[in-house]
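Undergrad: I have a structure I would like to understand better, so I am pasting it below and will then ask my questions one at a time.
Rule-based calculations on the coordinates, nothing more; no lab input. These numbers come from a predicted model, not from an experiment. Cβ atoms come from the backbone with ideal geometry, glycine included; neighbour counts cover every protein chain shown.
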């Protein structure tokens, strides 16, 4: 506190308070082990000294703020500030930047900060990708062994059904890729790829089943036939060309043939009627002349010349009996 006095009557006095700010030093991050192993527990500690009043420390994981544990210690007229961040690292922390930033009223320009990038080692993980969902005979198939690990895994190893790959021209291995130029039924089996580094080994498998190639029928050499509508006039022996045979009716053609069909139908009806009449007349005639007929030889040679007629059914009541004549030939 500063005091200014003016010795007059009366004495005048003024007081002023002066606060000296302590600018914090650039922060430092301790506790980082490089490289860290997946699953390790580590503690990052950020320290800044010489601040007055005590500075504020903030942690960021990449651009996202995370909370740390703050500790303030007085060192004379300034303060030492620490902030700790505890982590259990995994493969997702590999390459992540952790930043400690100092906020203080004395820092009118950009805030001071320190950054450390984590390096995490982890065992590989493997998966197999394939270019075909339904592989068929004769097709081209590519299998790729995708492995992720740090350090980078050694070159992958391919096997089939637990043994080395067969030495075939159709099967090509290039780095992580296994290529079949033309699939065959003999390629069926379980394919495994394996990758490893100093932290471990990982593998994945793919079961290959080659399906039959689809068969395609050749296109028909003749056009398909349309349904043929029966022609009633064919029963009458007509062999004339009819547009209905092709299934496409011609209205003009139907009008021309309609009159002919009606005329033929009328003639047939007349013929049938006359035939029925003749049958009826003949039946009545035969019924009226029904009787017993004998030849002259049957009557005997003596009375053959005189056998003109004979009365049959003569016995009985002559009044009610029907008289029939008998003719001799």
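Undergrad: When you look at residue 173, is it in contact (Cβ under 8 Å) with a residue 40 or more places away in the chain and in contact with a strand residue (DSSP E or B) (Cβ under 9 Å, 6 or more places away or on another chain), yes or no?
TA: No: the conditions fail for residue 173.
Undergrad: Within the stretch 121-143, which residues are within 18 Å of residue 204 (Cβ to Cβ) and surrounded by fewer than 18 Cβ atoms within 10 Å (Cβ to Cβ)?
TA: Those that are within 18 Å of residue 204 (Cβ to Cβ) and surrounded by fewer than 18 Cβ atoms within 10 Å (Cβ to Cβ): 125, 127, 129, 130, 131, 132, 133, 142.
Undergrad: While we're looking at this one, here's another question. Have a look at 86, 113 and point out the one that is touching a residue at least 40 places away in the same chain (Cβ under 8 Å), exposed (fewer than 14 other Cβ atoms within 10 Å of the Cβ) and not in a loop (DSSP other than H, G, I, E, B). Write out each step before concluding.
TA: Numbers: 113 fails: exposed (fewer than 14 other Cβ atoms within 10 Å of the Cβ).
After applying the criteria, what remains is 86.
Undergrad: Still on this structure, I have one more. Could you tell me whether the stretch 24-37 includes any residue that is touching a residue at least 60 places away in the same chain (Cβ under 8 Å), out of contact with any strand residue (DSSP E or B) (no Cβ under 6 Å at 6 or more places or on another chain) and not in a strand (DSSP E or B)?
TA: Yes: one or more hits.
Undergrad: If I go through the stretch 1-19 residue by residue, how many of them are in contact with a strand residue (DSSP E or B) (Cβ under 7 Å, 6 or more places away or on another chain) and either part of a loop (DSSP other than H, G, I, E, B) or within 19 Å of residue 85 (Cα to Cα) (or both)? Talk me through it step by step, then tell me what you get.
TA: First, the residues of the stretch 1-19 that are in contact with a strand residue (DSSP E or B) (Cβ under 7 Å, 6 or more places away or on another chain): 1-6, 11-16, 18.
Subsequent filtering for residues that are either part of a loop (DSSP other than H, G, I, E, B) or within 19 Å of residue 85 (Cα to Cα) (or both) retains 1, 11, 18.
Residues meeting the conditions: 3.
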